[in-house]
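In what follows, a structure is listed as C-alpha cells, so that the remarks can point back to it.
Please treat every number below as a calculation from the coordinates, not as lab data. Everything numeric here is computed off the predicted structure, so don't read it as measured data. Here the Cβ is made from the backbone with ideal geometry for all residues, glycine too, and neighbour counts use every protein chain on show.
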C-alpha cells in the first residue's frame, strides 16, 4: 500500500494537531485568568513540589503550541508524556480507566506523545525545516 505509506506525514500531523489542541485546552486556564496559583496549590496538595505546577502548566499550554507547529516535537512530547503519566498516577488512577475522571484520556495522550518521541513531527513540521535535530539537516546513511 504505497499510497498509505506516502500519507504517513498526514498521520503524524493529525497526532500533533490533536494532542497539541488538547494540551492547549488543558493548559490555558492554568496559565491565564489566575489559574496558576490554583494549580500550584492543587499540585502541592498532591504531595508534589509546587514548582512542578509551573512546568506542568507551561508544558501543557506552550508545549501544545509547539506540537501544533511541529517544533521541538520530540522534547515537547517527552515533557507531555511525563506530565500525563504524573496526572494519571496522582489524579486519575483511583477512578479507573473508564470511570468519571478516569485515566482514559491521559493514557491516550501519553501514548501518542510516546509515539511522537520516536517518530518526531514528520515532514509537515517546523522540525523538518530546521533539520529535525540531524546534523546539517541531512538524513543519515546508516
If one compares the long axis through the Cα atoms of helix 35-45 with the longest principal axis of the Cα atoms of the chain, the angle in degrees, nearest 10, works out at 70 degrees
Packing-ranked peptide list from 65-74, 49-58, 96-105, highest mean Cβ count within 10 angstrom first, is 65-74, 49-58, 96-105
PRE zone check, label point 7 Å out along Cα-to-Cβ of residue 65, amide N under 13 Å, scope the range 71-85, hits 71
In nanometres, the difference between 0.36 nm per residue of separation and the alpha-carbon distance of residue 38 and residue 119 is 25.7 nm
For residue 90 and residue 55, extending 7 Å from Cα along the Cα-Cβ vector and measuring point to point gives, in nm, a value of 1.0 nm
So the angle from the long Cα axis of helix 73-87 to the longest Cα principal axis of the chain, reported in degrees to the nearest 10, equals 30 degrees
Read-out Rg and Dmax of the Cα atoms in Å, candidates [x] 16.6, 52; [y] 16.4, 59; [z] 14.4, 41; calculated match is [x]
The simple spin-label model distance between residue 100 and residue 48, using points 7 Å out along Cα→Cβ, in nm, is 2.4 nm
